[in-house]
Amino acid sequence: MATLPDGTKLPGRLFIVEGIDGSGKSTQLDLLHKWLTSLGYSVAFSEWNSSPVVRKTTKVGKKKQLLTPTSFSLIHAVDFADRYQQQIEPALKAGAIVLADRYIFTAFARDVARGVNRDWVREVYSFAAIPSVALYFRVPLDESLRRIISGRPNLKYYEAGLDLGLSDDALESYRIFQGRILREYERIAGEYNLSVVDASLPIVEQQELVREIIRPHLEGALMAESNPWRKVLATEGLSGRYLDSLARTVER
């Protein structure tokens, strides 16, 4: 079960993936999603930096290069808080499995790599539920760079960390920036006992390891039987367009 910071247990399961760019975590989460759905579980999904609340602000800030490390941090915090309130926590209270492509540890790693105070960032996200399983896909820096550059040779300004003045060369700046993030992730993995997956292994082998880690946590999770959402949500007194859409999906 997922756990609130005060120790309260939530009936749902929260499985999250973390890793530097090019770690392959999103691919593994997608495979996990398909597997859990095939087993009949009710699965909700949430992705980093996807809230409509901050979309316009983020777009304008990036286009005009107005974002400082602190403003970037706060925008992502607002994005997370909105998704947490509207998607993550209600689904966990309903007993569903929630899959999150990046969670609070992304902020812990990226924001600190940009120079934001480590303790301050942790305090900002102190309201968030503790995941049932937090998977960290560990990949060597050179391998992650190879994967990213082969897929998109033109790096964006903030993506490359050019705002930090690390180098005038986008690729070298990106290498330094990702190296900083990687070091923070290694620190976080020990501090928060993340489950480490070797992301240099073949995709199929990684998925086998992921399922082995996840499987013991599935007992008692909400199944996608005939319209379970509305009954459970009514019992919990929960509502919202996001959850209603999930209910309609199950009904179909």
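The values are calculated or read from the model by the stated rules, or taken from the named source; none is laboratory data. As the structure is a computational prediction, the values presented were derived from the model and not from experiment. FYI the Cβ positions are ideal-geometry reconstructions off the backbone, even for glycines, and counts take in every protein chain you see.
Mind listing just one residue for me: the one in the stretch 2-22 that is within 14 Å of H217 (Cα to Cα) and assigned to a loop (DSSP other than H, G, I, E, B) and, of those, farthest from the chain's Cα centre (by Cα)? Filtering the stretch 2-22 for residues that are within 14 Å of H217 (Cα to Cα) and assigned to a loop (DSSP other than H, G, I, E, B), the one farthest from the chain's Cα centre (by Cα) comes out as P11. With the structure loaded, tell me whether Y157 is in a helix (DSSP H, G or I), in contact (Cβ under 8 Å) with a residue 24 or more places away in the chain and touching a helix residue (DSSP H, G or I) at 6+ places or on another chain (Cβ under 9 Å) or whether it fails that test. For Y157, the condition - in a helix (DSSP H, G or I), in contact (Cβ under 8 Å) with a residue 24 or more places away in the chain and touching a helix residue (DSSP H, G or I) at 6+ places or on another chain (Cβ under 9 Å) - is not met. Report yes if some residue within the stretch 51-71 is touching a Leu at 6+ places or on another chain (Cβ under 6 Å), touching a residue at least 12 places away in the same chain (Cβ under 8 Å), under 27 Å from S144 (Cα atoms) and of a type outside the set (G, A, S); otherwise report no. No, the stretch 51-71 has no match at all.
On the stretch given as the stretch 159-169, residues that are crowded, with 17+ Cβ neighbours inside 10 Å and either among the charged types (D, E, K, R) or in contact with a strand residue (DSSP E or B) (Cβ under 7 Å, 6 or more places away or on another chain) (or both) total 2. Scan the stretch 127-146 for residues that are within 14 Å of K25 (Cβ to Cβ) and aromatic (F, W, Y) and the total you get is 2. Residues of the stretch 14-59 that are of a type in the set (A, V, I, L, M, F, W, C), over 28 Å from L182 (Cβ atoms) and at pLDDT below 95: L39, V53.
When the stretch 48-69 is filtered for residues that are in a helix (DSSP H, G or I) and either surrounded by 15 or more Cβ atoms within 10 Å (Cβ to Cβ) or of a type in the set (A, V, I, L, M) (or both), the ones remaining, listed by number, are V53, V54, T57, T58, V60, G61, K62, P69.
Yes or no, residue by residue, for (1) in contact with a helix residue (DSSP H, G or I) (Cβ under 9 Å, 6 or more places away or on another chain); (2) closer than 19 Å to T27 by Cβ:
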{"site": "R175", "(1), (2)": "yes, no"}
{"site": "R180", "(1), (2)": "yes, no"}
{"site": "Y185", "(1), (2)": "yes, yes"}
{"site": "G190", "(1), (2)": "no, no"}
{"site": "Q206", "(1), (2)": "yes, yes"}
{"site": "R211", "(1), (2)": "yes, yes"}
{"site": "I214", "(1), (2)": "yes, yes"}
{"site": "M223", "(1), (2)": "no, no"}
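For the stretch 130-154, which positions are part of a helix (DSSP H, G or I) and touching a Lys or Arg at 6+ places or on another chain (Cβ under 8 Å)? L141, L145, listed by residue number.
With a requirement of 1 or more residues that are free of Cβ contacts under 8 Å to residues at least 40 places away in the same chain and either surrounded by 24 or more Cβ atoms within 10 Å (Cβ to Cβ) or acidic (D, E) (or both), the helices (runs of 4 or more DSSP H) lying completely within the stretch 87-129 that satisfy it span 104-113, 118-124. Being assigned to a helix (DSSP H, G or I), in contact with a strand residue (DSSP E or B) (Cβ under 9 Å, 6 or more places away or on another chain) and among the charged types (D, E, K, R) holds for only one residue in E186, E172, and it is E186. Of all residues in the stretch 195-227, those that are modelled with pLDDT of 95 or more, of a type outside the set (S, T, N, Q) and outside any helix (DSSP H, G or I) total 7.
Consider the stretch 76-86 and keep the residues that are crowded, with 20+ Cβ neighbours inside 10 Å and not basic (K, R). The one that is farthest from A221 (Cα to Cα) is H76. For R183, the conditions (1) modelled with pLDDT under 95; (2) surrounded by fewer than 18 Cβ atoms within 10 Å (Cβ to Cβ) all hold with the exception of (1).
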